[in-house]
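The values are calculated or read from the model by the stated rules, or taken from the named source; none is laboratory data. Computed from a predicted model, the values in this text were never measured in an experiment. All Cβ positions, glycine included, derive from the backbone under ideal geometry; neighbour counts span all protein chains shown. Surface accessibility is based on the protein's heavy atoms, side chains included, excluding ligands, DNA and RNA. Shrake-Rupley method; radii C 1.70, N 1.55, O 1.52, S 1.80 Å.
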Amino acid sequence: MGLKQIDYGSEEYIKMVALRNQILRKPLGLEYSDDELAQEKKETLIAAFEEDEILGCCVLSNIGNGRYRLRQMAVKNEVQGKGIGASIMSFAETIAKDKGFKFMVLHARETAVGFYEKFGYKVVGDVFIEVNLPHYLMEKELT
Ligand SMILES: CC(C)(COP(=O)(O)OP(=O)(O)OC[C@H]1O[C@@H](n2cnc3c(N)ncnc32)[C@H](O)[C@@H]1OP(=O)(O)O)[C@@H](O)C(=O)NCCC(=O)NCCS
């Protein structure tokens, strides 16, 4: 498996959006709007590939003041629980640090809080609803 940054609009990006739809949106009866995806032109797009097959991904959005928001973390159903999510987290944090970012924040689905805690993320504040699901704001200082 290889981890890489991919380009907006590329063949790899099309596979990434398909994976995100399958894992994050379709199960909720939702899909991405064109406007939502257009915002990703300026974002850092990260994916794990085994040859031509995408296994997982995430997106880093610059939210200012040296902070990145990590979002759209998804691993293909069939290969969850094999360390791919952990590899993506580590790669994303390395990219963030290399670019001089000091903090990572994210909106964790309640079901994924334990995953992010493994990497030192802490819940900040109360539960809120996003895409119709309970979420928590989590953050970590990148050292
Ligand atoms: C959450 C997700 C990204 C994790 O990726 P993964 O490849 O399955 O996770 P890994 O195998 O790398 O797990 C790393 C560690 O986190 C733990 N872990 C994985 N998912 C977890 C979860 N949902 N809750 C608690 N711990 C979790 C693993 O047990 C493992 O622990 P270990 O190091 O002690 O063995 C993936 O399961 C997924 O795509 N889920 C559905 C979409 C989703 O919820 N995305 C997050 C939205 S905020």
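Okay, here's what the table says:
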{"item": "For region 81-143: rounded, prolate or oblate by the Cα gyration tensor [a/c cutoff 1.5]", "result": "oblate"}
{"item": "Radius 13 Å from Cβ of residue 3, net charge of other residues (Lys, Arg +1; Asp, Glu -1)", "result": "-2"}
{"item": "Unsatisfied cross-links (Cα-Cα over 19 Å) in the set 118/140; 15/140; 41/82; 4/76; 26/76", "result": "15/140; 41/82"}
{"item": "Residues in region 64-97 reached by a label modelled at residue 122 [backbone nitrogen below 18 Å; 7 Å Cα→Cβ]", "result": "67-68"}
{"item": "26 Å tail of the calculated P(r), the chain, as % of Cα pairs", "result": "19"}
{"item": "Largest to smallest accessible area among 130, 110 [probe 1.4 Å]", "result": "110, 130"}
{"item": "Accessible surface, the chain, averaged per residue in Å² (probe 1.4 Å)", "result": "55"}
{"item": "222 nm mean residue ellipticity, helices alone, for the chain (DSSP H n ≥ 4; -39,500 (n - 2.57); rounded to 500)", "result": "-7000 deg cm²/dmol"}
{"item": "Accessible surface, 1.4 Å probe, highest first, among residues 113, 131", "result": "131, 113"}
{"item": "Whole-percent carbon and sulfur share, accessible surface of the chain, 1.4 Å", "result": "47"}
{"item": "Hits among lysines - C-alpha to C-alpha of residue 42 under 16 Å, sequence gap 8 or more where chains match", "result": "99"}
{"item": "Area of residue 25 that stays accessible when all protein chains are in place (1.4 Å probe, Å², to 10)", "result": "20"}
